[in-house]
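The values are calculated or read from the model by the stated rules, or taken from the named source; none is laboratory data. Note that the coordinates shown come from a computational prediction; the quantities given were computed from them, not determined experimentally. FYI the Cβ positions are ideal-geometry reconstructions off the backbone, even for glycines, and counts take in every protein chain you see.
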Amino acid sequence: MHKIYTYLKGGIPTMIWNETKECMSRDEMTHLQSARLRKLVDYVYHNVEFYRKKMQAVGLMPGDIKGIEDITKLPFTTKDDLRDTYPFGLFAVPNSEIVRVHASSGTTGKATVVGYTRYDIDIWAECVARCLAMANIGKNDIIQIAYGYGLFTGGLGAHYGAEKIGATVVPMSTGNSKKLTTMMVDFGATAIACTPSYLLHISEVLREEGLIDQIKLKAAICGAEPWTEKMRNEIEQSLNIKAHDIYGLSEVMGPGVACDCEYHMGLHVNEDHFYPEVLNSATMMPAADGETGELVFTTLTKEGLPLIRYRTKDLTSISHDKCSCGRTTARISRFKGRVDDMLIIRGVNVFPSQIEAALVDVEEVTPHYMMIVDRVNNLDTLEIMVEVDTKYYTDEIRKLEALTKKIGHVIQQAIGLSAKIKIVEPQTLVRSQGKAVHVQDKRKLY
Ligand code: DLL
């Protein structure tokens, strides 16, 4: 068995947990995080005007941060801060040190640009490699990377990690599902990295093409969008593989911030590089372990775009108990939605994840759904299109009505609002190759 050790700047060794699953103790981790936080605060104070000013505004000097327990003294960073300093204003190094930039899609405003030094790219690859190791993907695997390549961090992020671990990388990107399925069979691909909704689509294409019995796939590393246990089960059963949940965000790095192991008891955070806090969304004070709140990250080792207490807007809970796999790192639970995903419908706060969770209990439907929110005569309306599973599809009006009623009831219980349910035939809703879209808020158009 091989061991991989990385000696980071400052001579502090961190371990890549691999097959041996050997890990630092919690005390060792805290010690490492404290040392890195002290260095980081000093680094941003001297290299990023934005942070120097923010710290000065509250009378904080780098020396005031003695350890990780002082992190709450530090100011937050938001997506707006990145937008306000667009494109490179928060970079801590001159452009001569930046070897790559990525950018967010900018669908909710101006794009946010992130920059990496060569060292950042190495750490990123290492973090993704750890995630792949959790999914038992290694040098003997052939992995198709089917996240988008380009400004999106998914493709290149997963690619470098897969190369780092020594797998044979097939850089598919998105865009051609038939080519992907053909090559999956021809190359004998054993692993795939893509969004969970796209993988469900791939499984449908494999069936349509009559290729499903010819694949050698054993693992998938899915992320970039929220998904449910039901989706995991469906992916695992339809492809006869193990599916792992990988999380990340461009601002903090990209894929590889956290991933779940074979026990699927939450996602292990690479917390020697990304310090996680879960904060009560109302008070922004630390939430207790197990309590849902907003996830906030401090990048402990990034050079190009170090971020202090970056508000991800993702809702989760955290646990510091040792996992059954032996790893000691903090785990975050499957995501419960985003602070900014919240829709206010007839005055009620509704998260798409609530709809998704409610539909899990209805055996007859697939995870494909679309919420359409509109305003008629000044009243909000909610219609939910739900795709019925092929096994249960019928054109018998009586059965469809019964199913519509059943779903309506489940949704009403989940969100406290009545919704118009429209059952649609299998394969009706558009499949996305990137992040799935589940909401059309037509009110925004008025
Ligand atoms: O989606 C990075 C990524 C690529 C992660 C590939 C995993 C795999 P962004 O485009 O900046 O970066 O979007 C980040 O996507 O704040 C979450 O809201 C959501 N997200 C990412 N992974 C997961 C996941 C990439 N596993 C935003 N579960 C994040 C739920 C996820 N949501």
- request: Tell me which residues, restricted to the stretch 199-231, are of a type in the set (Phe, Trp, Tyr) and more than 11 Å from the ligand (Cβ to nearest atom).
  value: none
message: Whether any residue in the stretch 154-166 is of a type in the set (A, V, I, L, M), farther than 26 Å from Tyr275 by Cα, crowded, with 21+ Cβ neighbours inside 10 Å and more than 12 Å from the ligand (Cβ to nearest atom) is what I want to check.
response: no
- line: Among the residues of the stretch 332-356, the number that are within 13 Å of the ligand (Cβ to nearest atom) and either within 29 Å of Met134 (Cα to Cα) or part of a helix (DSSP H, G or I) (or both) is 13
statement: Flagged in the stretch 235-247 as touching a helix residue (DSSP H, G or I) at 6+ places or on another chain (Cβ under 7 Å) and within 16 Å of the ligand (Cβ to nearest atom), in numbering order, are Ile235, Lys242, Ala243, His244, Ile246
message: Every residue in the stretch 365-384 that is touching a residue at least 40 places away in the same chain (Cβ under 8 Å) and either acidic (Asp, Glu) or crowded, with 18+ Cβ neighbours inside 10 Å (or both), please.
response: Val365, Thr366, Pro367, His368, Tyr369, Met370, Met371, Val373, Asp374, Asp380
query: Just for the stretch 253-285: of the residues that are crowded, with 24+ Cβ neighbours inside 10 Å and aliphatic (A, V, I, L, M), which one is farthest from Pro306 (Cα to Cα)?
result: Leu267
- request: Test Gly188 against the criterion of being surrounded by fewer than 23 Cβ atoms within 10 Å (Cβ to Cβ), within 16 Å of the ligand (Cβ to nearest atom) and more than 30 Å from Glu387 (Cα to Cα), and give yes or no.
  value: no
- line: For the stretch 94-118 the number of residues that are at pLDDT 95 or above and surrounded by fewer than 17 Cβ atoms within 10 Å (Cβ to Cβ) is 8
task: Within the stretch 140-153, track down each residue that is touching a strand residue (DSSP E or B) at 6+ places or on another chain (Cβ under 9 Å) and within 11 Å of the ligand (Cβ to nearest atom).
output: Ile145, Ala146, Tyr147, Leu151, Phe152, Thr153
